[in-house]
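Chemist: This structure is in structure tokens; I'll ask about it shortly.
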Amino acid sequence: MAFDYLNRHPGQAYFPWLPLAHYYAEHQFRHYGFGIVDRLMAGDPVSTAVFRAYIPPNPQIVAFAADGTPQALGYDLMAYLPEYRYPVSDPELKGWLVYGKAPKPPAASEAPPVH
């Protein structure tokens, strides 16, 4: 499903546990979630800049299969992506754990008038 999703929406999603889906669909190496955890367990810190260097530049969603989780061995991968804490329902990823950015409030010019 991730491979098909990435083919339909290149660069629009990050699947931390499925780096091969990214490689085959986008021809890009992306961080593998457990690779990050492995480095952290070894005491090798991973900066936010390094983490973000190998994910899509501005994904619309971060997704985990229904049996996946943003955490592994006590490490929360979503700590690197704090703006992606908003649960999203994506009909193309039914049953998946999908996170997006919180919706932005309407701009002052778009807000309804206050009386």
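Chemist: Where the centre of each part is set by its Cα atoms, how far does segment 75-106 sit from segment 1-47, in angstrom?
Modeler: Each part reduced to its Cα centre gives a spacing of 16 Å.
Chemist: Given the convex hull of the Cα atoms of segment 2-100, what is a quarter of its surface area in nm²?
Modeler: Dividing the Cα hull surface by four gives the mean projection, 5.8 nm².
Chemist: Hey, another quick one. Among 88-96, 30-38, how do they line up from the highest to the lowest mean number of other beta-carbon atoms within 10 Å?
Modeler: Put in order of decreasing packing, that is 30-38, 88-96.
Chemist: What distance in nm separates the two pseudo spin-label positions at Ala42 and Glu92, each 7 Å out from Cα along the beta-carbon direction?
Modeler: 3.4
Where a number appears in this text, it was derived from the coordinates with a stated rule and is not lab data. Because the structure is a prediction, the values reported are computed rather than measured. A quick note on method: Cβ atoms are made from the backbone with ideal geometry, for glycine too, and the neighbour counts reach across all protein chains shown.
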